[in-house]
Structures are given as C-alpha cells and as structure tokens.
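Comments concern the structure below.
The values are calculated or read from the model by the stated rules, or taken from the named source; none is laboratory data. Computed from a predicted model, the values in this text were never measured in an experiment. Ideal geometry is used to build each Cβ from the backbone, glycine not excepted, and the neighbour counts take in all protein chains shown. Just the protein is used for accessible areas: all its heavy atoms, side chains included, with ligands, DNA and RNA removed. Shrake-Rupley method; radii C 1.70, N 1.55, O 1.52, S 1.80 Å.
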Amino acid sequence: MRDFKPGSCVTSLVLAVYAATASFPKHELYGLTSQARRAAFSAAVKIVEGAAKRGPAEFRRFLDISIGSLAEVAYTLRVARDLKLLDADRWSQLDRIRRQAGMMTWKLYVAVAKAVRKA
C-alpha cells in the first residue's frame, strides 16, 4: 500500500498552484496567494506525514486532513477565478490537476480504511 503514490499528483498540484499564484497581485500576497499555497502544500505534506505514522488508523486520519485541504484548494481557486485572478483556461487546468489529486488521495483513503477494518 505504501508503494501507491498519490503524493506525486498532489505534488503536481502544489507546483501548479505556486506557478499560477506567482502572477497574483501583490495585495493578495497574504490573502488568496498565501491561502492557496498553504492549502495545496498541506494536502501534500499530510500524505507524507501520515505515511510515516504508526499503523493505518493514523495514516487514514492524515489522509482525511489532506482531503479537507484539497477541498480548501478548490474553493480558493474558485474565488481566484471569480475575482478574475485566474482566467478560465488556467482555472480549468488547475481544477483538473486538483480533481486528479483528490481522486488518487480518496482511493488511497479507501484502501487504508479497509486495512483499518481488517486490523
């Protein structure tokens, strides 16, 4: 199970969010820029942190937090699009990456939850 790497999808999201928010206006540095980056980074780092914990129950808890952070990324990017900080094409690209990261993280969550039930 630890060979499954949703982290690579989430890492792609982190890099894409950092690249996209680099063009946000300076006045958003401590607002949407920071929020989007923190949420994307949190989603990735919680998978890494959870994988290092003892047992599947702890790992599942960290995956749950990661899924929440991915939802936060989705909302933050939607607001950035609505404020015209992201054009429709860029938002679609980011949302596709985010959905893929969410799907992979969810699949890992389901697999880990099964392991918890078996234990």
The conditions are (1) within 18 Å of Ala111 (Cβ to Cβ); (2) in contact (Cβ under 8 Å) with a residue 12 or more places away in the chain, and Arg54 fails exactly one of them. Which is it? (2)
Does the stretch 54-93 hold any residues that are closer than 17 Å to Tyr18 by Cβ and either modelled with pLDDT under 95 or of a type in the set (Asp, Glu) (or both), and which are they? Glu72
The one condition Thr11 fails out of (1) open to solvent by 60 Å² or more (accessible area, probe 1.4 Å); (2) modelled with pLDDT of 95 or more is (2)
